[in-house]
Amino acid sequence: MLILTAARSGEIRFAKMSELENGVWTIPVERTKTNRIHRIPLTAECNTILKTAISISIGDYI
């Protein structure tokens, strides 16, 4: 995910399922270093990784 999205490691570690919608990952302002909403379009490769991660996750965190 780091390489595919260029997101910061903390943004990825604390990603929530509720932040994913219609192929876009929206990181809320509270979790960004720049204090701005960050929208990341997800590629097919990202979606494959996310499906696996979601299937083994507990709670809202991915």
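Any read-out appearing in this document is the output of simple, stated calculations on the displayed coordinates, not a laboratory observation. Treat the numbers as computed from the prediction; the structure is a model and nothing was measured. Here Cβ is always computed from backbone atoms with ideal geometry, including for glycine, and neighbour counts include all displayed protein chains.
So the values come out like this:
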| quantity | calculated |
| --- | --- |
| Kirkwood Rh and Cα Rg combined as Rg over Rh, evaluated for the chain | 0.93 |
| Candidates per chymotrypsin sites (Phe, Trp or Tyr not before Pro) in the range 6-62, loop by DSSP, up to 15 other Cβ within 10 Å | 14 |
| Degrees between helix 44-56 axis and first principal axis of the chain (Cα, 0 to 90, nearest 10) | 70 |
